[in-house]
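Here's the structure, in structure tokens; my notes come after.
The values are calculated or read from the model by the stated rules, or taken from the named source; none is laboratory data. Since this is a predicted model, take the numbers as computed values, not measurements. Quick reminder, even Gly has a Cβ in these numbers, built from the backbone with ideal geometry, and neighbours come from all protein chains shown. Ligands, DNA and RNA are excluded from the accessible area calculation, which covers all protein heavy atoms including side chains. Shrake-Rupley method; radii C 1.70, N 1.55, O 1.52, S 1.80 Å.
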Amino acid sequence: MDLAELWAIFGPGFSGAVFGTGWWFWVDAVVCSSIQVPFVHYLPGIFASLGALMFNCVRKEDIDYSPYDEGEWRLKLWLFIAYVVAFVSLAASVGLLIQDSVVKTGPSTWTGVAGVFQCVFVLISGLMYWTSHSE
Amino acid sequence: MFSSSILLQILACAIYGNWWPMLSALMYVVVPMPCMFFGGGSTQFLISRDGGGWIDAAKFLTGASTVGSLAIPIILRHAQMIETGAMLIEFTSFFIFICTVMCFHRASLDDDW
């Protein structure tokens, strides 16, 4: 049994574990925060989950890599939009981390750090599921 | 083994006089749900690559639920609501629970043969 076979067997479960880890980081930050976390801070995690869901709607066997044919441009456009959503959510979480560390009256720095961890873990789990999922 | 897992759950509550660690037991209920819903009541699909999209989704949900069992004691400890000893007892309980699932899995696979 080679490594690709093992990855196809255990990859989806492991990506689920990474996804859960990301969201539990955020639950920990919200629970341990001494003040109310505003709803704006929830958005990067929600949009990262949405982005991961978006590029998992595309099966990797369907992508046409030919440089000559017009190919499935709608598929690639959808993947591009999913990438933009993922990138913007990650950038937003980093921005909120910087804001949390600079502003004293806002949430603590751990809230920003947990937000970045959440986005990173959620997006990594999406990638792992996409690469290991087989139809 | 499952009884000793539940016993450790109750010990983690009784020794330290608070019942927050029982939240972990909720996740024990959630973990087998993908097996029952998508896998036909068997753990065969966890080590197979057949089955297609729904089986992979069931694996994903099983992984996510399993992490919850570990995350709840950590978050309770971080929020100063339980002691470190209770958290470690919770981890031991979860480990015994996983051993129980592995033994059940082995036994059911032997039944298939």
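General observations
- Taking label points 7 Å from Cα along the Cα-to-Cβ direction, B:Phe104 and A:Ile46 give a separation of 3.6 nm.
- Isotropic mean projected area of the C-alpha convex hull, segment A:10-130 (nm²): 8.2
- Solvent exposure of B:Val101, expressed as accessible area, is near 50 Å², computed with a probe of 1.4 Å over the protein chains only.
- Remark: spin-label model distance A:Phe87-A:Thr131 equals 2.0 nm, labels positioned 7 Å along the Cα→Cβ axis.
- For segment A:10-130, the relative contact order works out to 48 percent when only alpha carbon pairs closer than 8 Å and six or more residues apart are counted.
- List A:Trp7, A:Trp130, ordered by accessible area with a 1.4 Å probe, largest first: A:Trp7, A:Trp130
- Extension gain, A:Cys32 back to A:Val120 (0.36 nm per residue minus Cα-Cα distance, nm): 29.6 nm
- Carbon plus sulfur fraction of accessible area for segment A:10-130, probe 1.4 Å, in percent: 74
- Segment A:10-130 - accessible surface per residue (Å², probe 1.4 Å): 55
- Of the residues A:Tyr129, A:Tyr42, ranked by 1.4 Å probe accessible area with the largest first, the sequence reads A:Tyr42, A:Tyr129.
- Per-residue SASA entry for B:Ser24, accessible area with 1.4 Å probe, Å² rounded to 10: 0
- Modelled label reach - A:Gln99, point 7 Å along Cα→Cβ, segment A:9-24 residues with backbone N closer than 19 Å: none
- Summed over both chains, the accessible area lost when A and B associate is about 1700 Å², using a 1.4 Å probe.
- Chain-alone versus full-assembly comparison, segment B:57-75, residues with accessible loss of at least 40 Å² (1.4 Å probe): B:Lys59, B:Phe60, B:Val67, B:Ile75
- Solvent-accessible area of B:Thr84 with every protein chain in place, 1.4 Å probe, in Å² to the nearest 10: 60
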